[in-house]
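Participant: Provided herewith is a single structure, encoded as structure tokens, for subsequent inquiry.
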Amino acid sequence: MTASNSETSGLLQHVASQQDDMLRTLCRWADVNSGTRNLSGIAEVSKMVSESFAPLADETLAVSVKPQTLVDSHGNLSDCELGDTLVFRKRPDADRRVVLSIHLDTVYPKDSAFQKTRIDGERLLGPGVADAKGGLVVMLHALAAYERFAESDPGSALGWTVIVGADEEVGSPGSSAVFDEYGPGASFGIIYEPCLPSGNLVSERGGSGNFAIVVRGKSAHAGREFDRGRNAVVAAAEIARQLHGLNGRWPRTTLNVARIEGGGPTNVVPELAIIRFNIRYAEPGQEDVIREAVESLLEPKVDGIRFELHGQFSAPPKRMSEPLDKLQSDIARCGQEIGLEFDWETTGGVCDGNRLAALGVPNVDTMGVQGGNIHSHDEYMLIPSLVTRTQLSLLTLIYRSSDFSENA
């Protein structure tokens, strides 16, 4: 199917006529704070999103997910509740199926000063307008237009599953199980993270994991019984130095010591410290060797000091494959038909596209809007990208419904 087809051309024009409606929807969704920990805000946005997607779907689910287990400031494990993951399904028994996904949570906490959207020329500024509520709007309108296309030949239409998570900004600890259930067997995937500020799309991604080391020593009076104490902060500092020293051991692998907590009054030898760090890595299968290297640092060298390692690798690397190369080629061809030119780039950032790829589903994960300054109070989206990126998704879905891509 190409844009020269009269039916397809009419649908592209219809999408172009929807820009004002898309913008209104995006502002309404973005004006409600849905920081990952703001469960009431998550519920409010989820309700609005569900009301918009449900009329297109055959099945609508709100899936409760397991809480996220975190190391608290006392070095203990605690559970943190997460919002439901939304699932919408259409023609789930179709021969060819696509998984479309994006998250509705943002990085902005409930008390953030960055709360409302505003228009500045062709830019919309606001929390989550690019990452990733703009992608939600693109996905919604692309599917709505695709369903108009599918009415003419429902028997050959793609089946689709939409997964809308509420915990991606903390690594999808709960919604990853939903991907495990609904992702396998799909022909391809589209994830609606924002494209790069340049307009380019991401091809390969590195992997990631978040960890915490709890260091336990022994408290003592710093003046009277200093020698009886075992200083957890000093031990943590030494481990942090050694963790940093692992950088360079493996190509394109980094260990970032992000935070050390611990200590108290200056007249007390501290008995507790916590090291929080992130690992980024390039090659699948590196997880065990990296973890072993970290664990080797934790063999007690001082009597009375104990270490506890918590955390996991949560997003394996996403690498190029023949099916992904074919999907990228199809998307590039669809872009050319509407005059949208872009290149492909590799990034160390991770998203749910990593998780979908690990399930054997080739996917392009930057099919959302164009914008920038994400995760900051200057986050913005280019308003015209609502239309162009929706048209790109629509053409991709139509093209992948055709006989040309049956063996994609």
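The values are calculated or read from the model by the stated rules, or taken from the named source; none is laboratory data. If you're wondering where the values come from, they're calculated on a predicted model, not measured in any experiment. Positions of Cβ are backbone-derived with ideal geometry, glycine not excepted, and every protein chain shown enters the neighbour counts. Remember, those area values only see protein heavy atoms, side chains included, never the ligands or the DNA or RNA. Shrake-Rupley method; radii C 1.70, N 1.55, O 1.52, S 1.80 Å.
Participant: So how do Met320, Met367 rank on accessible area, 1.4 Å probe, biggest first, that is with the largest at the start?
Facilitator: Met320, Met367
Participant: Next question. To two decimal places, what compactness ratio does the stretch 314-360 give when its Cα radius of gyration is scaled by 2.2 N^0.38 Å?
Facilitator: For the stretch 314-360, the normalised Cα radius of gyration comes out at 1.30.
Participant: Given a Förster radius of 60 Å and the C-beta distance between Ser6 and Lys218 as r, what FRET efficiency does 1/(1 + (r/R0)^6) yield to the nearest 0.05?
Facilitator: 0.15
Participant: Test of understanding: extend the Cα→C-beta vector of Arg228 to 7 Å, then name every residue of the stretch 249-270 with backbone N under 11 Å from that spot.
Facilitator: Of the residues in the stretch 249-270, none has backbone N under 11 Å from the label point off Arg228.
Participant: Contour minus end-to-end for Glu238 and Ser64, with contour as 0.36 nm per residue of separation and end-to-end as the Cα-Cα distance?
Facilitator: Here the answer is 58.5 nm.
Participant: Next question. What accessible surface, in Å², does a 1.4 Å probe find on Lys301, ignoring ligands, DNA and RNA and rounding to the nearest 10?
Facilitator: 140 Å²
Participant: Run lengths n ≥ 4 of DSSP H only: what is the helix-derived mean residue ellipticity at 222 nm for the chain, with -39500 (n - 2.57) per run over all residues, to the nearest 500?
Facilitator: My calculation for the chain gives -10000 deg cm²/dmol from helical runs alone.
Participant: Report, as a whole number in µm² per second, the diffusion coefficient that Stokes-Einstein gives for the stretch 149-198 at 4 °C and 1.567 mPa s using the Kirkwood radius over alpha carbon pairs.
Facilitator: 96 µm²/s
Participant: Continuing with the same structure: Quick check: residue separation of Asn267 and His377 times 0.36 nm, minus the Cα distance between them. What number comes out in nm?
Facilitator: 35.6 nm
Participant: Right, next: Can you work out D for the chain in µm² s⁻¹ from Stokes-Einstein, where Rh is the Kirkwood radius over C-alpha pairs, the temperature is 37 °C and the viscosity is 0.692 mPa s? Write down the numbers at each step before the final one.
Facilitator: Numbers: Rh = 22.7 Å.
Roughly 144 µm²/s, to the nearest whole number.
Participant: Rounding to the nearest 10 and keeping the result within 0 to 90°, find how far the Cα-based axis of helix 6-16 lies from the longest principal axis of the chain.
Facilitator: Rounded to the nearest ten degrees, it is 50.
Participant: Charges only on Cβ, +1 for Lys and Arg, -1 for Asp and Glu: so what's the dipole of the chain about the Cα centre, in debye to the nearest 20? Numbers along the way, then the final one.
Facilitator: On the way: 38 positive and 55 negative charges, 208 e Å.
Value, rounded to 20: 1000 debye.
Participant: Under a 10 Å cutoff between Cα atoms, tell me which one of Gln13, Gln115, Gln370 has the largest fluctuation in the Gaussian network model of the chain.
Facilitator: Comparing Gln13, Gln115, Gln370 in a Gaussian network model of the chain, the most mobile one is Gln13.
Participant: For Asp153 and His310, compute 0.36 nm times the residue count separating them, minus their Cα-Cα distance, and round to one decimal in nm. Write out the running numbers ahead of the final one.
Facilitator: Values: separation 157, 0.36 × 157 = 56.52 nm, distance 5.18 nm.
Additional length available on full extension: 51.3 nm.
Participant: Take Glu341 and Asp288, extend 7 Å from each Cα along the Cα→Cβ direction, and tell me the distance between the two endpoints in nm.
Facilitator: According to this spin-label approximation, the distance is 4.8 nm.
Participant: Something else: So, with a 1.4 angstrom probe, what is the percent of accessible area on the chain that is carbon and sulfur?
Facilitator: So the carbon and sulfur contribution to the accessible surface is 48 percent.
Participant: With a 1.4 Å probe and all protein chains left in place, how much accessible area per residue does the stretch 76-154 have, in Å²? Spell out each step's value before the answer.
Facilitator: Working: 3220 Å² over 79 residues.
Accessible area per residue: 41 Å².
Participant: Right, something else. Hey, which lysines would be in cross-link range of Lys133, C-alpha to C-alpha under 28 Å, not counting anything within fewer than 8 residues on its own chain?
Facilitator: Qualifying lysines at Cα under 28 Å: Lys47, Lys66, Lys90, Lys110, Lys116, Lys318, Lys326.
Participant: Would you mind listing how long the stretch 107-191 runs along its three principal axes, going by Cα atoms, in whole Å with the largest first?
Facilitator: For the stretch 107-191, the Cα extents along the three principal axes come out at 49, 35, 16 Å.
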